[in-house]
Structure formats: structure tokens, C-alpha cells
Amino acid sequence: MTRLVVGPFNRVEGDLELTLDIEEGRVAEARVATTLYRGFEQILVGRPAHDALTIAPRICGICSVSQSLAAAAALREISGVMPPPNGELAANLVHAAENIADHLSHFYLFFMPDFARAEYAGKPWHAEIAARFKATEGTAAREMLPARARLLHIMGLLAGKWPHSLALQPGGVTRALDLGGKMRLLAILGDFRAFAEKSLFGAPLEDIAALETPAQLRAYAEKKADFPAFLRLAGDLSLDKLGRCALPLMSFGGYYGSEGPLFQAGVVDPAGAVKKMGRIGEQVAASYFADSAEDPFRAHTLPDMERIGAYSFAKAPRLDKNPAETGAVARQAVAGQKLVRALLQNSGGSHVLARVVARVVEIAQVTIAAESWARALNVRESFCETAPPLASGAAIGKVEAARGALGHWVSVERGHIRAYQIIAPTTWNFSPRDAAGVPGPLEQALVGVETGALGAKAAAIQHVVRSFDPCMVCTAH
Amino acid sequence: MAALEQGGAGLFAELHNLGLDLLWHPSVSEATGAEVLKIFADIETGAQKLDILCVEGSILRGPNGTGQFNRLSGTTRTLLDLTRALAQHAETCVAVGSCAAFGGIPAGDPNPTDSCGLHYDGADPGGVLGAAWRSRSGLPVVNVAGCAPHPGWIVETLGALAAGDLKSSDLDGFGRPLFFAGHLAHHGCSRNEFYEFKASARTLSERGCLMEHLGCKATQAIGDCNQRAWNGGGSCTHAGFACISCTSPGFEDARDTHVTPKIGGIPVGLPLDMPKAWFMTLAALSKSATPARVRQNAEADRILVNPKRQK
């Protein structure tokens, strides 16, 4: 057996380290660690409750809106304020802009450049992929980055700026759009649709959202655009057999409105069958933290670098004591998206292909939904209700970030934060082992991956890790 | 990551156009693992030239001065140690964001990780490099402050360095480039008429000035935020919430973001360099002269009274 320590692991957000035990050219055991701890939960305690909206988003430069919305959701429940319909629609639009921008960054800047690596030089598709996706040099970024920046003009309109806005409040969104603003919003979404249909999909968004079967996906893969190009190489490399993980898939549900959420909350088993949402707890057996209650409402976060057996600054979140996977694949599976359900069913669990397909298909779905939210804005009505002063109470703010289920467990006493616990999507996916020694989702997905003679440099390792689109700064916060 | 929004043809084209060759960035470069460690090693032996070292994020000194709260993954080395080492080889050192500049949010009370900036610990010179430190080019650490900093501040600072155009006289007392630090966030605020007449918003989403009641620090905070567009046309005050002075050291320890601290009904934090008595006199005067249009619109989330010529 050989032990490899892999790092610095880049093109992920934040600090990630893998320890891989290799036997006969395959990963026998994996340990996943985040090597950065900043102490946001400690910093939040004692501050006026509303200041959570200033501090929490700054956990992360790419999940900032999700962190805002989770904090706002918790404070909303404690205060009892109800945002007007415009407030919900505008928050959805801001959230959609961040999530789509993150999905684009992931696909174009983090994930695809690995297929441009010299390791694949012998593949018939390599020259085309390298020209398009080579890190910092490929032609795709010249189209994607301006399209992404234009999409983020939604932030300029509705949230002031991105990242780190205070526009997202418990009572709605602080900026009331006028008629011109609403038209600008529609124009931005129109520009984004044009980019997505031409460069990313090579097809109308509605066709992508309507994909239901793997056979339809294979037929669509013949088109000329970036997503089909990925699907073709995914077929060649059998990415549906890589990075398998057969764990429950969990979603907190996303994009709320008068007709319920766009994506339902819930849990499905690895084959896609619906399960009951279980009890959430965090364990610290393999984490650099002092013992603490598992229930996030009673837990605290105090570093303990001397802890025996610890190897990560991430805690180990568990759903009814078991690890669970979260992210676009879980969100789509829980929401009943047929293609993603079929991909899971065929394999008895998630894999690299399903994770990426779920994310990219979601770009089409959410863009279509965003257009309808923008049209539904009634610029003659209010966007924000004033929240009453916060007294005492406790609530969980749950949202779906780009990377999956994000929860803020907040307790407020006399208007101040008594306790604040955050469980981020990548804390679930890149969880270390728990008290029973059970590995987290990525730790399980890496087992069996072939490294061959390349060892830590094997692109397969890179694909599996990046297929989760980890955000390590959120993970240990 | 904020910088990704910069440039008409994208960040990579923009860097190229400004004469910048990106050696490595954790978010976008191909090189990973051992390849990256080789780049670091080559810089330390002098085999690889390092013109600009960009540092993002606070430097964590804890626990107990070990820096172990942030270890370079794949190694036993801390970021504290790596940053100090690379800084010695860099022609110029740039702190990108208020965290790397001053410590930022992680340094917020109780500062659990003993974090600070490269060249400042909050407002105090020092940080992990020490107050007397200067880079090979003779510059102090160039602090592109902000949480997050504007993409333009980052890329234009790097471009100016590449062009050999950024001198120590182009920096303010906190090492912040004057092309943005010479302005106040207040300059160009779309609420200027409300400010002039002290017609104030009472709650979030109202159109009036945010200074009197809602905690806005734009008259004290540096930044050309309201002169250059954020994300195509926004800014904090434009979107209806207070400037929290995120370009300033210590902003992380302010309490009650959306409440203006007052003594005897008078805001404590008045405009940066204006005599208090004058401000009070002018405020009283302008309040008494406020047109009904301005007064009514200040307390609404949309324009209720349109401008029109007096008959």
C-alpha cells in the first residue's frame, strides 16, 4: 500500500487536501480534509441578531447570496415578518444569478480544464477540448466570462453588488425596481439565454429542460456546443462509472414563491426513491474540534488541534446518523427531474456524469424560471416589509446553495445571537469520518478509482473531486 | 473570485491586455499538487521571478502563533510561513481584499484564529510582515481593500504595477491606491439630493438618505463605489442599504449595521473632515428648506412626487 497526500488541490474554492491509500493502482481508502478554519460561528455569537446579515455572507465570495438568504430565512422565522411577493421574486432572481454564475464557473473554469490536460493527448477529442477549455487560455472563457458578468448585472440592479450585499433582508429585498429596471432585468436574462443557447447548449433552453431519458441525452450529445462536447467525452471515458456514491441524496428545496418552491425539499435513496427527511446532527470524532452536542441548536464550535484521530476542520454532518450527498444532483433527484432520476436508477447511485448533468441542466431550468419571476414583478407594489425588532427565539434558515443544502441554526436572546451553527453543502459532501468510522460521501466516491502509474496526478481523481463542485471555505467556515 | 467579472472579453484577456502573465492562481490555473509546490520552490530559489504576489484572505497566526489554522494542503507548511517567504521574493506585494489588508471579518471579535493582514493588524501597521517591511520594489504592501473589493480596483492596480506606473505617492496612509481611495463612497451617491436636505429614510427600502437613521458610513468611507458601476450599475446605497465602510480597517467590529449611533439624537459619525458645528448648522438649515417632494419621496420606496417647475 502507498499513501499519497494530494495538495494543494486547486480549481476548487478554498483549501482541500486528500490522503489516498493506493493498493494495486486503485484507491483503497480516502480521507478528505479542509485545512483552513476561520471561526465564523464564534464571531457571530454575541452580536446583534441582524448583523448576521453582514457577517454570514462573508464566509464565502461565491456562495455569498446563499449565506445571506439562509441568515435572512432564520431571522424571518424568528421575527415573523412576511416578505411581499416582489420580495420573494427579487430574492429568487438574485439567488438564481449567483447559482447560475457558480454553475458556469464550475463547468468552464474548474471542471472542464482537466480534460485539456496532457494525460488525454491521445484522445481523438483532446485537441478540440484543449483549444476550448485549457485553463486560462481556452477560447470558451472569452465567451463565458463576459456572459457571466452580464448575468451578474442582476446583482447591480437588485442587490447593489456581488458578492456581499445587504439587500436580502428577512422582509424582502431593499431595492424596489421601477419599470425601467424591470425591463433591464428582462434584457439581461435575454442576453444570458442567447449565450446559453448558442455556446453552452447548442439548443433552446426548453429542449434541455425537457430531456428525460439517457437515450435522449445521447442523441442530444451530437450537437455542436460545450455541453454536448462534454457529454461525448463523458461517454468515451465512462464518467457514469466514475466516482460512484450510493448514499441518500438530500435537498432543502429552492426558489420559493406563492405556488411553492421551484425545487421541492426532501430526501431520496440512491436509486431515486423518496424517503422521509431525517434528523440532522454533526459529529466531531475526526475533526479538530472539542466535543459538542450533535444537535446543531445545542452545539458549539471550539477548535481542538490536539484531538486524537482528527484530520479535518470540517465537522461530520449526518442525516439520521448516516452521511448524505447534496448538490444539484440531489436537488434534481428530489425534485423529480426525470433524466437525473434515470441516471441514478441505472447506476444505483450518483456519479461524475450525473452530478455534472444535473448542474448544467439546472442552468436551463433556472434561467427559464428567472424569466417568469422577472415578468411577474409588479413594480407598483412593495419589495420589502419592515421586520419588527427581534426579541428571542430560534429557527433554522434552510436554502439550496449552488452546491446543495445549506442550513443556519440560529438562536436569538434579547435581540442578540446566543448561538449560531452553520452546516454548508460541502460539509456534507466532503465530511470526514464520523464517530462510527463511516467515511463521508467523497471519501466513499473515491474508493476504487484507478490511479494507474500517475498516482495523485491521475485525472480521474481530479474529476471525482471536482464533480462535487466543492466550496471549502464554506465547509469549515 | 470577484475579479472574474472584469473585462469586456473576460478576466484572462484583460490581464493579457494589461501585460500581466498569470503565474498561478488557486481558482483558475491548471497546475495542481506537486506542480504548484515546484512553482513555490522555484520562486524561493530564485529560479522563477515573481513580479507580483497577490494575497487573498486574512493571515491566520493561531493557534498560539503556529499558523496551523491554515496549512498549505499537501504539505506541513502554514500559509503564515509561505506568505512570509514568498513576500521576500516578490517585486511587489498586493493584498487583495480587506482580509489580506487588515484582517477583515476573521479578525472580528473575538478573533478566534488570531488573524491579521499582511502589513496591518487592523489599523495598526505591522501585520505578519512588520511595519518596516518594504518589497523589493520599495513599495509597502499595496492594499486593495474592500469586502469584496471592486474587480476594477484589483485589475487596475495590477495593471498599474505591470506598467511600472504605481508609486508610493499613489497610495494613501493605509497603502490603498488613491485612484479609488481618494474618493469617498458618498461621492456620486444617487441619494445626494436627500443628503443635501437631510431627508432621511426611516426603514430599509425607502429612498431617503441612509446616514441619519440607517447606519450609512459613505461620508466617512473611502472608495469610488458610487462613481464606477458595480455589476453594471449598482452600489450598496443605490440598492437601499448602508455603506458599512468595508474598505476601512476594523469595519468588522461595528455593531448594528443598520442603526446610526447617536448621542442626544445627533449621529456620532459625521462626515470625515467637516467641522461638527458647521455640519449641524447646515443640516438644520437644509432640513428647514426641504422641498415637500424630497421630504415625501425620502420616506417612500418609489417616487411619489415628481419634479416639476414652480408656477
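Helix B:79-89: angle to the longest alpha-carbon principal axis of chain B, degrees 0 to 90, nearest 10?
So the helix axis and the longest Cα principal axis differ by about 80 degrees.
Looking only at the protein assembly as shown, where both bridge partners belong to it, what percent of the DSSP beta bridges are antiparallel (to the nearest 5)? Mind showing how you got there, number by number?
Values: 58 of 71 bridges.
Here the share of antiparallel DSSP bridges comes out near 80 percent.
Quick one: 3J(HN,Hα) in Hz for region A:436-442, Karplus 6.51/-1.76/1.60 with θ = phi - 60°, rounded, Gly and Pro as x.
8, x, 7, x, x, x, 5
State the cysteines of chain B left without a partner when partners are defined as other cysteines whose beta carbon lies under 4.7 Å away.
B:CYS54, B:CYS93, B:CYS99, B:CYS116, B:CYS189, B:CYS209, B:CYS216, B:CYS225, B:CYS236, B:CYS243
Run down the lysines and flag those whose C-alpha is under 30 Å from the C-alpha of B:LYS308, throwing out any fewer than 8 positions away in its chain.
Correct list for B:LYS308: A:LYS182, B:LYS198, B:LYS287.
Take the Cβ-Cβ distance between B:ARG136 and B:LYS38 as r, set R0 to 22 Å, and report the resulting FRET efficiency rounded to the nearest 0.05. Kindly include the intermediate steps, with their values, before the conclusion.
Numbers: r = 22 Å, r/R0 = 1.00.
Step by step, r from the Cβ atoms, then E = 0.50.
Considering every Cα-Cα pair within chain B, what fraction, in whole percent, is farther apart than 29 Å? Write out the running numbers ahead of the final one.
Details: 20800 of 48205 pairs.
Looking at chain B, the distances longer than 29 Å represent 43 percent of pairs.
Expressed in nm to one decimal, what extension gain is obtained for the pair A:ALA215 and A:ALA131 from 0.36 nm per residue of sequence separation less their Cα-Cα distance? Kindly include the intermediate steps, with their values, before the conclusion.
On the way: separation 84, 0.36 × 84 = 30.24 nm, distance 2.84 nm.
Contour length minus Cα-Cα distance gives 27.4 nm.
Give the aspartates and glutamates whose C-alpha is closer than 20 Å to that of A:LYS198, dropping any in the same chain fewer than 8 places away, or say none.
Leaving aside aspartates and glutamates fewer than 8 places away in the same chain, those within reach of A:LYS198 are A:ASP102, A:GLU128, A:GLU143, A:GLU206, A:ASP207, A:GLU222, A:ASP226, A:GLU362, A:GLU371.
For A:SER258 and A:PHE297, what is the calculated FRET efficiency with R₀ set at 30 Å and r taken between the beta-carbons, to the nearest 0.05?
Numbers: r = 30 Å, r/R0 = 1.00.
It comes out at approximately 0.50.
Quick check on region A:1-87: take the gyration tensor over C-alpha atoms, sort the square-rooted eigenvalues as a ≥ b ≥ c, and tell me if it's rounded (a/c under 1.5), prolate or oblate.
Details: a/c = 3.51, a/b = 2.74, b/c = 1.28.
Prolate.
Using alpha carbon centroids, what distance separates region B:140-156 and region B:187-225, in Å?
24
Using a 4.7 Å cut-off between beta carbons, which cysteines in chain A end up with no partner cysteine at all?
A:CYS245, A:CYS384
Mean shadow of chain A, computed from the convex hull of its alpha carbons, in nm²? Walk me through the numbers before you get to the answer.
Details: hull surface 81.9 nm².
The directionally averaged projection comes out at 20.5 nm².
Please list the non-local residues whose amide H lies under 5 Å from the amide H of B:LEU72, H modeled 1.01 Å from N, same-chain partners needing a gap of 5 or more.
Correct list: B:ARG77, B:THR78, B:LEU79.
Taking the Cα centre of each part, how many Å lie between region B:38-84 and region A:37-84?
Between the Cα centres of region B:38-84 and region A:37-84 lies a distance of 31 Å.
Provide the per-residue ³J(HN,Hα) series for region B:248-259, in order, calculated from phi with Karplus coefficients 6.51, -1.76, 1.60 and θ = phi - 60°, each as a whole number of Hz, with x at glycine and proline positions.
Listing the rounded values in order: 9, x, x, 4, 5, 9, 5, 10, 6, 3, 9, 10 Hz.
I need the calculated FRET efficiency for the pair A:ARG279 and B:LEU178, taking r as the beta carbon distance and R₀ as 41 Å, to the nearest 0.05. Please report the intermediate quantities before stating the final value.
Numbers: r = 55 Å, r/R0 = 1.35.
Calculated transfer efficiency: 0.15.
Can you sort A:SER382, B:SER73 from fewest to most other Cβ atoms within 10 Å of each residue's own Cβ? List each step's numbers first, then the result.
Values: A:SER382 19, B:SER73 25.
In increasing order of surrounding Cβ atoms, one gets A:SER382, B:SER73.
Label-point separation (nm) for B:ALA300 and A:HIS416, each offset 7 Å from Cα along Cα-to-Cβ?
Between B:ALA300 and A:HIS416, the label points sit 4.1 nm apart.
How big is the gap, in Å, between the Cα center of region B:261-289 and the Cα center of region A:336-372?
Taking the Cα centre of each part, region B:261-289 and region A:336-372 sit 57 Å apart.
Add -39500 (n - 2.57) for each DSSP H run of 4 or more in chain A, then divide by its residues: what number comes out at 222 nm, to the nearest 500 deg cm²/dmol? Write out the running numbers ahead of the final one.
On the way: 18 runs with 179 residues, N = 477.
Rounded to the nearest 500, it is -11000 deg cm²/dmol.
Ranked by Cβ crowding within 10 angstrom, fewest neighbours first, how are B:VAL268, A:VAL412, B:VAL259 ordered?
In order of increasing Cβ crowding within 10 Å: B:VAL268, B:VAL259, A:VAL412.
Which percent, nearest 5, of DSSP beta bridges in chain B are antiparallel?
Numbers: 10 of 20 bridges.
Of the beta bridges lying entirely in chain B, close to 50 percent run antiparallel.
Positive end of the dipole of chain B, charges at C-beta (+1 Lys, Arg; -1 Asp, Glu), about the Cα centre: which of B:THR45, B:SER235, B:ILE105 has its Cα farthest in that direction?
It is B:SER235, whose Cα lies furthest towards the positive end.
Given region B:2-181, what percent of its DSSP beta bridges are antiparallel, to the nearest 5? Display every interim value, and only then the final one.
Values: 6 of 15 bridges.
Once the DSSP bridges in region B:2-181 are tallied, antiparallel ones form about 40 percent.
How about region A:370-477: which GluC sites (Glu not before Pro) there are in a DSSP loop, with at most 13 other Cβ atoms within 10 Å of their Cβ? Walk me through the numbers before you get to the answer.
Working: sites: A:GLU371, A:GLU381, A:GLU385, A:GLU400, A:GLU413, A:GLU443, A:GLU450; in loops: A:GLU381, A:GLU385.
Hits after loop and neighbour filter: A:GLU381.
Starting with the fewest neighbours, write out A:MET112, B:MET211 ranked by other beta-carbon atoms found within 10 Å of each beta-carbon. Before the final figure, lay out the partial values.
Values: A:MET112 24, B:MET211 28.
Arranged by neighbour count, lowest to highest, A:MET112, B:MET211 become A:MET112, B:MET211.
On a 0 to 90° scale, report how tilted helix B:34-45 is relative to the longest principal axis of chain B, with both axes built from alpha carbons and the result rounded to the nearest 10.
Computed tilt is about 80 degrees.
Going through the cross-link list B:LYS167/B:LYS276; A:LYS161/B:LYS217; A:LYS161/B:LYS38; A:LYS276/A:LYS315; A:LYS321/A:LYS398; A:LYS161/A:LYS224, which pairs have a Cα-Cα distance over 26 Å in this structure?
Details: B:LYS167/B:LYS276 35 Å; A:LYS161/B:LYS217 17 Å; A:LYS161/B:LYS38 37 Å; A:LYS276/A:LYS315 23 Å; A:LYS321/A:LYS398 19 Å; A:LYS161/A:LYS224 35 Å.
The pairs that break the limit, which is 26 Å between Cα atoms, are B:LYS167/B:LYS276; A:LYS161/B:LYS38; A:LYS161/A:LYS224.
Since every read-out is calculated from the coordinates, none of them should be taken as a lab result. Quantities reported herein were computed from a predicted structural model and do not represent experimental measurements. Heads up, the Cβs are rebuilt from the backbone with ideal geometry, glycines too, and the neighbour counts pull from every protein chain shown.
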